[in-house]
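Working notes, structure below.
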Amino acid sequence: MSRRDAAARPIIEPFRIKTVEPIRITTPAERLARLRDVGYNVFLLRSEDVLIDLLTDSGTSAMSAEQWAAVMRGDEAYAGSASYYRFRDVVRRIFGFEHILPTHQGRAAERILFSTVCRPGDVVPNNTHFDTTRANVEATGARAVDLPAPQARRPEEPHPFKGNLDTAALEALIEAEGPARIPLCMLTVTNNAGGGQPVSMANIRETAEICRRHGIPLYLDACRFAENAYFIKRREPGYADASVEEIAREMFSYADGCTMSGKKDALVNIGGFLAGNDPRLAAQERDLLILTEGFPTYGGLAGRDLDAMAVGLVEVLQEEYLEYRIASVRYLGEHMAAAGVPIMQPPGGHAVYIDAAAFLPHVPPAKLPGQAIVAELFVEGGIRAVEVGTTMFGGPDPETGEERTAPLELVRLALPRRVYTQSHVDYVVHVVRAVWERRDAIGGFRIVEQAPTLRHFTARFEPLYDVGGAARETERRGA
Ligand SMILES: Cc1ncc(COP(=O)(O)O)c(C=O)c1O
């Protein structure tokens, strides 16, 4: 993805393309009509109306020939499927946990874990909870507390491990709440809501040490564990010669368990798991799994899905894949930044995050600047991105009912794994630049309909300005 990294060896996509899917080319006027139809919420668009879909890297990977071959080997037995044992053995080897429960995706693992260990009034710290994680904690009556390191609050300031947890703040929280009210602490690797930024091994180790001292179990939200491990290899002293798999094993050795959405770093379209070492807790979780997901050797998945995950978890640790993956995201981020677009620095592992507050300083957080950029990217070029700001994390406080705004207003452009080529990325840069150049004509949005939780998925919006006006004017003039 770095034909233009001139003198350096070009980093190529380490795969050939065997199957292709057409992209339907649309016009700004058509796209505006589609956006209006869905109340300006890009989650409600049909994917066939999207040109480049950067809504998420979750479940959108292209599977390899080996994974499709594994699909054919899937054993669909209700109980004791061979697929489960192949999957379990790979997970045990990389993650090192004894008890492994497959789930249909990451949030099912979260729901089972939190509803087993959290009670109303409890507190769960995390470097930054992702939306489903926060919602699943809050659904048990517990409080989700984000403790990002201070550098995470400064989007423009580069830092090698901006995903770290603020360990001094964790100590203070434990002191204030008492360890008995903290059933577990989580670390999200990489820190998705905090800009896809990695967590260092030193921070994982220190967090684990604090937790152990207070008898608090530490769990990793492991969705992007391979990308995090690769950043450790590249950026943390002492790890350059370790393999990514060795680094991953060390990361998990400090934890008591993990939740995993296989839709990210297991390179599959569906799947996840919950893992840990405590046999009593695992038995309780297993009973809940049977009640809500399925028998413990399939957990809401088909045998073929487990086989695809087993292969994907091995492929994702290949260094040439990770080198290409991280270079693709960096390429997108560096070219946007070179055009003057304010982004979270440095680019993350799976996505580039536009700093919407700096992009549209004249639109206050309550008027949802990120939502406006998302709308403009879609009308301008058919790019679907997602707001990670006040639409996603704001709304009425569950305790006080007061309207909250998010600490950061971001727009995430997430790259699906092994899906888009360099010319697609060049097109994205072109579209982002066009929106950036007419930023003064962009205004805000307001929410006219919303659900009580996870409102961003289904909310409807009303624009407070003429959406895509400049893009349509350019189109009208035939430019
Ligand atoms: C950090 C993080 N945790 C948990 C999840 C939830 O996983 P899933 O979508 O498979 O339920 C996601 C999904 O995007 C995520 O990014």
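The values are calculated or read from the model by the stated rules, or taken from the named source; none is laboratory data. Owing to the predicted nature of the structure, the values given are computational and were not obtained by experimental measurement. Backbone-built Cβ (ideal geometry, glycine too); neighbour counts: all protein chains shown. Heavy atoms of the whole protein, side chains included, go into the accessibility calculation; ligands, DNA and RNA do not. Shrake-Rupley method; radii C 1.70, N 1.55, O 1.52, S 1.80 Å.
Data for the structure
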item	result
Yes/no for G312 being within 16 Å of the ligand (Cβ to nearest atom), at pLDDT 95 or above, part of a loop (DSSP other than H, G, I, E, B) and small (G, A, S)	no
Residue within region 75-83 that is over 30 Å from L368 (Cα atoms), away from the ligand (no atom under 16 Å from the Cβ), buried (at least 18 other Cβ atoms within 10 Å of the Cβ) and hydrophobic (A, V, I, L, M, F, W, C) present	no
Total residues in region 317-361, condition open to solvent by less than 10 Å² (accessible area, probe 1.4 Å), out of contact with any strand residue (DSSP E or B) (no Cβ under 9 Å at 6 or more places or on another chain) and part of a loop (DSSP other than H, G, I, E, B)	1
Test: A108 is of a type in the set (G, A, S), within 12 Å of the ligand (Cβ to nearest atom), part of a helix (DSSP H, G or I) and open to solvent by less than 50 Å² (accessible area, probe 1.4 Å)	yes
Complete set of residues in region 179-193 that are under 24 Å from G141 (Cα atoms) and either open to solvent by 20 Å² or more (accessible area, probe 1.4 Å) or within 12 Å of the ligand (Cβ to nearest atom) (or both)	P179, A180, R181, P183, M186, L187, T188, N191, N192, A193
From the options D241, D278, D256, residue that is without any contact (Cβ under 8 Å) to a residue 12 or more places away in the chain and more than 14 Å from the ligand (Cβ to nearest atom)	D241
Pair list, Cβ < 7 Å and 6+ apart or interchain, from region 54-80 residues that are free of Cβ contacts under 8 Å to residues at least 60 places away in the same chain and part of a loop (DSSP other than H, G, I, E, B) to residues that are open to solvent by less than 40 Å² (accessible area, probe 1.4 Å) and within 16 Å of the ligand (Cβ to nearest atom)	none
Single condition S115 does not satisfy, out of (1) of a type in the set (S, T, N, Q); (2) farther than 30 Å from P183 by Cβ; (3) away from the ligand (no atom under 13 Å from the Cβ)	(2)
Matching entry among V374, V429, V388 (being over 22 Å from D466 (Cα atoms) and touching a strand residue (DSSP E or B) at 6+ places or on another chain (Cβ under 6 Å))	V388
Condition broken by D49, with the remaining ones in (1) open to solvent by less than 20 Å² (accessible area, probe 1.4 Å); (2) of a type in the set (D, E, K, R); (3) without any contact (Cβ under 8 Å) to a residue 60 or more places away in the chain satisfied	(3)
Condition broken by P10, with the remaining ones in (1) within 26 Å of the chain's Cα centre (by Cα); (2) under 28 Å from I247 (Cα atoms) satisfied	(1)
Within region 208-232, tally of residues that are part of a helix (DSSP H, G or I), in contact (Cβ under 8 Å) with a residue 24 or more places away in the chain and away from the ligand (no atom under 16 Å from the Cβ)	5
Filtered residue count, region 387-404, keeping only those that are surrounded by fewer than 24 Cβ atoms within 10 Å (Cβ to Cβ) and part of a strand (DSSP E or B)	4
The lone exception for L274 - which of (1) within 21 Å of the chain's Cα centre (by Cα); (2) open to solvent by less than 10 Å² (accessible area, probe 1.4 Å); (3) of a type outside the set (S, T, N, Q); (4) more than 15 Å from V91 (Cα to Cα) it fails	(4)
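To keep it simple, each residue is scored yes or no on (1) among the charged types (D, E, K, R); (2) in a loop (DSSP other than H, G, I, E, B); (3) crowded, with 23+ Cβ neighbours inside 10 Å.
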{"site": "F114", "(1), (2), (3)": "no, no, yes"}
{"site": "T128", "(1), (2), (3)": "no, yes, yes"}
{"site": "N136", "(1), (2), (3)": "no, no, yes"}
{"site": "G163", "(1), (2), (3)": "no, yes, yes"}
{"site": "A169", "(1), (2), (3)": "no, no, no"}
